[in-house]
1. Only one residue in LYS77, LYS118, LYS138, LYS84 is part of a helix (DSSP H, G or I), assigned by TED's automatic domain parsing to the domain that holds ARG181, modelled with pLDDT of 95 or more and more than 25 Å from GLY188 (Cβ to Cβ). Which one?
2. Give the residue, chosen from LYS138, LYS185, LYS207, that is surrounded by 13 or more Cβ atoms within 10 Å (Cβ to Cβ) and farther than 28 Å from SER42 by Cβ.
3. If I ask for residues that are more than 26 Å from LYS54 (Cβ to Cβ), among the small types (Gly, Ala, Ser) and either in contact (Cβ under 8 Å) with a residue 24 or more places away in the chain or in a loop (DSSP other than H, G, I, E, B) (or both), which ones from the range 203-237 would you list?
4. Name the single residue, out of those in the range 28-41 being in contact (Cβ under 8 Å) with a residue 60 or more places away in the chain and out of contact with any helix residue (DSSP H, G or I) (no Cβ under 8 Å at 6 or more places or on another chain), that is surrounded by the fewest Cβ atoms within 10 Å (Cβ to Cβ).
5. Return yes or no: is VAL166 closer than 20 Å to VAL82 by Cα, of a type in the set (A, V, I, L, M) and not assigned by TED's automatic domain parsing to the domain that holds SER251?
6. Only one of ASP238, ASP213 is at positive phi and either assigned by TED's automatic domain parsing to the domain that holds PRO48 or surrounded by 21 or more Cβ atoms within 10 Å (Cβ to Cβ) (or both); which?
7. Pull out all pairs, ordered by first then second residue, where Cβ-Cβ is under 7 Å, the residues are six or more apart or on different chains, the first lies in the range 118-137 and is among the aromatic types (Phe, Trp, Tyr), and the second is at pLDDT 95 or above.
Amino acid sequence: MNLIDVKRCPICGLDESKVFLNSKDYSTSKESFSIRECGSCSFRFTSPIPAEDKIGEYYQSEEYISHTDSSAGLMNKVYRLVRKLAIKKKEHLARNGVLEKSLLDIGCGTGDFLSFCKTNGWNVLGLEPDNGARAICKEKDVETHHIDRLHHLPESSFSVVTMWHVLEHVYHLNRDFNQIRRILKPEGKLIIAVPNCSSHDAQKYGKFWAAYDLPIHLYHFRPEDMRRFAGKHDFSVDQILPMKYDSYYVSMLSEKYKNGNLFN
C-alpha cells in the first residue's frame with residue numbers, strides 16, 4: 001500500500017511532531033497506523049496515511065454504514081435507530097436562527113438528513129464522493145453531486161452548510177474550508193460534527209476507541225482545535241454541543257474492538 005508521511009501540522013503548519021498513539025485499522029485491513037501530535041499547537045493527525053486515490057479501499061467494510069441503507073446485523077440496526085433519533089435534532093440545529101432555508105450537506109451519505117430537511121421546507125443539495133450512496137440519494141429524490149462540485153458552486157449560495165462527521169476525512173483541509181467560506185452567505189451558519197478525542201470515551205478506550213477510525217480519520221479534533229481552526233478561516237465558534245446518539249454507537253464499536261464482541 002502506498003502510504004504518505006504527514007510531517008506538517010494542518011492547523012499551525014509546524015513541521016515538528018511526536019507519536020501520540022499507535023493503533024490499527026480494526027474494520028478493514030488490520031494495518032497499524034500512528035497518530036502524531038504537533039509540537040506547537042498539540043493538534044493530532046494520522047501519519048502515515050494512504051494516498052488519496054487509494055483511501056477508498058479502507059472504506060470497504062460492513063462497519064462503514066453511512067454509504068448503505070442495509071439493516072442487516074445488530075450494528076446496522078442500532079445505527080438506523082440512532083440515525084432516526086438524531087436527524088430531527090440536526091434539522092432543529094440547522095433551522096434555529098435561520099430565515100432562508102437553503103442547505104448544503106457535504107458528505108451526505110445516503111441522504112436521510114437531506115430527505116428529512118426537504119420534507120420540512122428546505123432547498124437542499126448534497127455532495128458525496130461515493131457513487132453507491134449518491135444512487136440511493138437519487139432514489140429518495142435528493143439532488144446530489146460528486147464532492148468535487150464544491151469548487152464550482154456559486155458564491156454566497158447557502159444559508160447553512162453541514163458536515164456530519166466529514167471534516168476528519170478531508171484530504172485538503174484548508175483548501176476545502178476556504179471553499180466553504182466562499183459559498184456560505186455572509187450571515188450563514190456552518191455546522192460541523194467531529195469526534196472529540198479528549199472525550200471520556202476516548203480516554204477510556206485508548207487505542208481501541210472506534211472514533212479514531214484509522215486510517216480514514218486523518219485528523220483528531222478537540223474543542224480547542226476546532227476554535228483554532230475556525231479562527232484561522234475567519235469563522236467564530238458559537239456553540240459546542242455533545243452528540244450523545246453518536247457517542248452511544250461509537251462506544252458499542254469500541255467495546256467490540258477491545259473485547260472481541262459486545263457481550264464480554
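The values are calculated or read from the model by the stated rules, or taken from the named source; none is laboratory data. Quick caveat: nothing in here was measured; it's all calculated off a predicted structure. All Cβ positions, even for glycine, are placed from backbone atoms using ideal geometry, and neighbour counts span all protein chains on display.
1. On inspection, the qualifying residue turns out to be LYS138.
2. LYS185
3. Of everything in the range 203-237, those that are more than 26 Å from LYS54 (Cβ to Cβ), among the small types (Gly, Ala, Ser) and either in contact (Cβ under 8 Å) with a residue 24 or more places away in the chain or in a loop (DSSP other than H, G, I, E, B) (or both) turn out to be GLY206, SER236.
4. Within the range 28-41, the subset in contact (Cβ under 8 Å) with a residue 60 or more places away in the chain is 31, 33, 35, 41.
Filter once more, so that each one left must be out of contact with any helix residue (DSSP H, G or I) (no Cβ under 8 Å at 6 or more places or on another chain): 31, 33.
On the way: GLU31: 13, PHE33: 20.
Looking at the filtered set, the residue picked out is GLU31.
5. Taking the combined requirement at face value, the residue satisfies it.
6. Working: ASP238 fails: at positive phi.
None of the other options fit; the residue is ASP213.
7. TRP122/LYS101; TRP122/LEU103
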